[in-house]
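Values in this text are rule-based calculations from the coordinates and carry no lab data. Worth saying up front: this structure is predicted, and the values here are computed from it rather than measured. Using ideal geometry, Cβ is built from the backbone for each residue, glycine included, and neighbour counts are taken over all protein chains shown.
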Amino acid sequence: MIEILFGEVCNLYGDSQNEVYLKQTLPAAEFIDTAITDEPYFVNNTPQMILLGGMSEHTQRRVIEKLLPLKSRIEELIASGTVFLCTGNAGEIFTKHISYVTENIETDALGIFDLTVKTDWFKRYNGKVLGTADGVTVTAFRSSFSFIYGDNSDCYFLKAERGCGINPDTKLEGMRKNNLICTSLLGPLLPLNPLFTEYLIKLAGFDAPAAFRDAAMDAYEQRLKEFRDPKTVF
Amino acid sequence: MSKLRFYMAMTAAKLSAVALRLLGRNATYLPGLIALKNCKDFIGFLQKPETLICVTGTNGKTTTSNLLNTVLTHNGYKVTNNSFGSNVQAGVAAALLLNSTFTGKHKNKVAVLEVDERSSLLVYKYITPDYLICNNIMRDSLKRNAHTEFISYVINTAVPAQTKVFLNADDLNCADLMPQCKNRTYFGVEAERPEELPKGQIRDVCYCPVCGGRFAPDYLRFNHIGRWHCTKCDNKSPDRDYCVTAIDRVNHTFTVTAENGEHTFRLINDNIVNVYNFCGAISLLRAFGLTWEQISSAFDAGKLVQTRYDTLDAGNFKVTMILTKGQNPIATSRVMNYVSTCEGDNKCVLFLVDDVEDNINNSESTCWLYDCDYTPMADEKIGRLIFAGPRCKDHYLRALMTGIPKEKIVLHETTADAASLVDTDTYHDIFILYDNYRLDEAVAMKKQFAARGEVKA
Ligand SMILES: [Zn+2]
């Protein structure tokens with residue numbers, strides 16, 4: 001079972017198509033969509049994978065409020081190797097604390113990672129990342145109001161060859177604990193990266209070629225070439 | 001001291017406008033930029049016109065501004081507007097200063113200014129609109145506009161309470177805007193109420209902002225546009241003060257009903273998103289003081305500029321060109337949907353939708369493609385889809401993910417010669433969807449098609 005957490009509100013910037021691409025890659029797998037007003041499937045079951053996409057800041061606080069009481073269950077799932085893919089600002093809910101500078105709101109988050117977040121609506125960051133995660137080269141985009149601060153050197157997701165990490169002073173992007181993967185890279189991460197899709201589903205116990213593999217690889221390889229071009233601005 | 005700065009800025013800006021004219025170029029936003037560089041609160045020193053109308057919202061700003069401008073001009077008003085240039089702070093400054101005397105006295109009675117949502121804080125700090133219309137608040141460029149809550153925050157923070165606002169009642173993001181403004185008029189469209197909910201489209205309205213309960217749609221036209229009610233409290237889409245109650249697609253008319261009567265207008269463009277734009281503009285013009293007849297005579301006069309839509313009848317085939325805003329997923333989805341509803345049993349669609357500048361020494365962010373709804377392109381009456389330009393492979397993958405058969409798709413990495421890929425013997429209804437950045441190429445293509453038509457005629 002693959003659980004899409006709060007997909008109707010956590011789908012900014014193309015995230016919903018991560019789910020579609022997974023369904024097309026794994027046509028036999030079962031999926032469950034959990035609404036934010038419902039109890040997550042993972043509370044009483046153990047899904048193979050959980051997807052959580054990018055969201056507005058207001059929704060982020062609502063998601064934290066929803067998941068905080070479930071923290072120990074989430075820790076159990078992480079320990080037992082459930083795959084989580086959290087894109088955009090979704091991974092931030094696993095840090096310790098988020099400061100919403102513009103709205104003047106301070107929120108304690110789940111605290112899985114000893115890191116903090118600063119979100120400023122008047123500082124938009126747009127960028128790209130070319131990096132390697134566990135030997136798989138990933139190309140993706142990032143657009144955010146926030147950066148994550150602290151030391152993620154023992155829990156990063158990927159090392160950026162180009163582009164920045166959790167903040168502009170580091171090349172270490174995202175966080176990872178066991179199979180909990182948190183990355184600021186945006187939603188269509190999976191169709192943009194067929195090789196990473198295959199890697200991710202393997203972590204969850206599936207084995208299949210990425211959907212529309214030839215077309216996805218063509219687009220991926222073109223992007224890889226563009227991202228590696230020294231003239232390309234990051 | 002600051003007044004001196006203003007005069008220096010005014011001098012520099014006016015001189016730049018003269019220089020641009022001598023060079024044979026239109027004064028766009030450059031004079032405004034120069035003025036603001038020299039005096040950052042420049043707009044605050046200018047005298048306002050007697051009536052200031054501002055237009056904002058994600059989609060439909062330019063159409064609505066042009067419409068307001070045309071109807072007012074048709075009725076004898078001289079109107080200041082920024083339709084020639086830009087809708088950011090510098091564009092607003094340019095429009096105002098070019099219609100002001102050197103001392104800052106405004107020459108025209110009315111101004112219609114299109115204001116980019118993100119520029120709200122920089123514009124409304126200095127000028128208070130008498131009327132402000134907002135057509136919708138939707139997902140837009142993720143790089144610039146992020147998400148709808150951010151845009152709503154900016155508008156809510158910026159607009160003064162005394163402004164009379166005109167809001168789309170069928171867009172809950174829009175209807176809830178600017179709670180500080182108590183003089184509110186709602187518009188919407190009841191005609192052609194859809195029976196089925198659209199599938200697979202993103203919705204930027206899901207939960208009630210009052211109680212957090214789930215919103216249930218009464219019906220939806222596209223994305224979150226439609227009528228809603230909360231399943232937990234009594235919050236719902238507001239009643240419309242001006243409502244399109246009938247659309248006659250045979251006789252090309254639409255009827256607007258309001259408390260003070262109803263009137264039938266000529267339907268100058270049959271795309272439903274424009275019917276919303278028309279209704280919004282009409283509601284504002286009525287509040288401004290024009291009669292139904294005064295407004296309707298401008299629709300009848302056929303002077304309304306359709307900058308975003310152009311057609312060519314080449315005899316043996318027809319070409320329709322539609323401006324399609326890249327990086328804007330809902331606007332692009334609406335254009336795709338519109339094409340699928342247009343006449344033709346074997347249509348050919350040519351996509352020139354990429355950001356030219358973003359692909360120079362760069363690799364354009366393609367995330368927005370994944371918020372687009374390509375479903376209308378799967379329609380069997382669309383026989384050929386040509387994706388041209390540097391991002392054609394990304395469009396191709398999205399098309400496959402939508403279930404569009406690969407046999408009907410052609411990819412081409414350059415755009416300039418893409419018209420040659422269209423077989424006008426087979427396809428008689430050709431649609432060119434082009435981004436702003438591809439305007440010159442689209443115009444050139446129209447000429448190429450015209451030449452081919454003449455040869456065959
Ligand atoms: Zn409610």
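Run the numbers for B:Lys447 and B:Asn260: contour at 0.36 nm per residue of separation, minus the present Cα-Cα distance, in nm. Mind dumping the intermediate values first?
Working: separation 187, 0.36 × 187 = 67.32 nm, distance 4.78 nm.
Gain on stretching B:Lys447 to B:Asn260: 62.5 nm.
Applying a threshold of 32 Å to the alpha-carbon distances of B:Lys143/B:Lys232; A:Lys123/B:Lys105; A:Lys171/B:Lys125; B:Lys107/B:Lys446; B:Lys3/B:Lys109; A:Lys128/B:Lys125 flags B:Lys143/B:Lys232; A:Lys123/B:Lys105; A:Lys171/B:Lys125; B:Lys107/B:Lys446; A:Lys128/B:Lys125 as lying beyond it.
For a test of the definition: using alpha carbon positions, the gyration tensor, and the 1.5 limit on a/c, classify chain A as rounded, prolate or oblate.
It is oblate, given that a/c is not under 1.5 and a/b is not larger than b/c.
Per residue of A:14-20, other chain Cβ atoms within 10 Å of the residue Cβ number 5 on average.
Only Cα pairs under 8 Å and 6+ residues apart enter the sum, and on that basis the relative contact order of segment B:249-363 stands at 15 percent.
Which order do the peptides A:49-61, B:197-209, B:428-440, A:103-115 take when ranked by the mean count of other beta-carbon atoms within 10 Å per residue, highest first?
Top to bottom by mean Cβ count within 10 Å: A:49-61, B:428-440, B:197-209, A:103-115.
Subtracting the Cα-Cα distance of B:His229 and B:Lys3 from 0.36 nm times their residue separation leaves 76.1 nm of extension gain.
Of all DSSP-defined beta bridges confined to chain B, some 35% are antiparallel rather than parallel. At a Förster distance of 56 Å, what's the computed FRET efficiency of B:Glu293 paired with A:Ala79, Cβ-Cβ distance as r, to 0.05? Rounded to the nearest 0.05, the efficiency is 0.15.
With a threshold of 21 Å on the Cα-Cα distance, the over-threshold entries among A:Lys118/B:Lys325; B:Lys325/B:Lys393; A:Lys71/A:Lys96 are A:Lys118/B:Lys325. Extending 7 Å from the Cα toward the beta-carbon at both B:Lys406 and B:Asp248 defines two label points whose distance is 5.0 nm.
Please tell me the relative contact order of chain B in percent, rounded to the nearest whole number, where contacts are Cα pairs under 8 Å and at least six residues apart. Provide the component values of the computation, followed by the final result.
Numbers: 917 pairs, mean separation 52.8, N = 457.
Once normalised by length, the contact order is 12 percent.
Multiplying the residue separation of A:Glu8 and A:Glu39 by 0.36 nm and removing their Cα-Cα distance gives an extension gain of 9.7 nm.
Pick out which of A:Cys164, A:Cys86, A:Cys182 has the largest mean-square fluctuation in a Gaussian network model of chain A, springs linking Cα atoms closer than 10 Å. Fluctuation is largest for A:Cys164. Rounded to the nearest 0.05, what FRET efficiency do A:Asp120 and B:Asp310 give with R0 = 41 Å and r taken as the Cβ-Cβ distance? Could you check? It comes to 0.45.
Based on the alpha-carbon gyration tensor of segment B:330-457 and its eigenvalue square roots a ≥ b ≥ c, which shape applies: rounded if a/c is under 1.5, prolate if not and a/b is larger than b/c, or oblate? In terms of gyration-tensor shape, oblate. Each Lys or Arg adds one and each Asp or Glu takes one away; over the other residues whose Cβ falls under 9 Å from the Cβ of A:Pro40, this sums to -1. Nearest 500 deg cm²/dmol is fine: what mean residue ellipticity at 222 nm does chain B get from its DSSP H runs of n ≥ 4 alone, each adding -39,500 (n - 2.57), divided by its residue count? It lands at -9500 deg cm²/dmol.
Could you pull out the pairs from B:Lys78/B:Lys164; A:Lys231/B:Lys347; A:Lys66/B:Lys199 whose alpha carbons sit more than 32 Å apart here? Provide the component values of the computation, followed by the final result.
Working: B:Lys78/B:Lys164 22 Å; A:Lys231/B:Lys347 39 Å; A:Lys66/B:Lys199 27 Å.
Flagged as over cut-off: A:Lys231/B:Lys347.
Computed over every Cα-Cα pair of the protein assembly as shown and binned at 10 Å starting from 0, the pair-distance distribution P(r) comes out as 3, 14, 23, 26, 21, 11, 3, 0 percent. At an R0 of 22 angstrom, the distance between the Cβ atoms of A:Met1 and A:Asn178 translates into a FRET efficiency of 0.75.
Our note on the geometry: Cα centres of segment A:18-93 and segment A:162-234, 19 Å apart. Taking amide H atoms as placed 1.01 Å from N in the peptide plane, the amide H of B:Ile386 lies under 5 Å from those of B:Val349, B:Leu350, B:Phe351, B:Val410, each 5 or more residues away in sequence or on another chain.
Residues whose amide H comes within less than 5 Å of that of B:Trp228, counting only those at least five positions distant or on another chain, are B:Asp218, B:Ser237 (H built at 1.01 Å from N in the peptide plane). Two tests apply to each whole DSSP H helix in chain B, Cα reach of 20 Å or more along its axis and mean Kyte-Doolittle hydropathy of at least -1.0, and the ones passing both are B:2-22, B:272-288, B:439-456. For the segment B:207-214, counting C-beta atoms of other chains within 10 Å of every residue's C-beta and taking the mean gives 2.
Run the paramagnetic zone check for B:Asp425: 7 angstrom along Cα to Cβ, then residues of segment B:379-400 with backbone nitrogen under 12 Å. Within reach of a label on B:Asp425, which here means backbone N under 12 Å from a point 7 Å along Cα→Cβ, segment B:379-400 contributes nothing.
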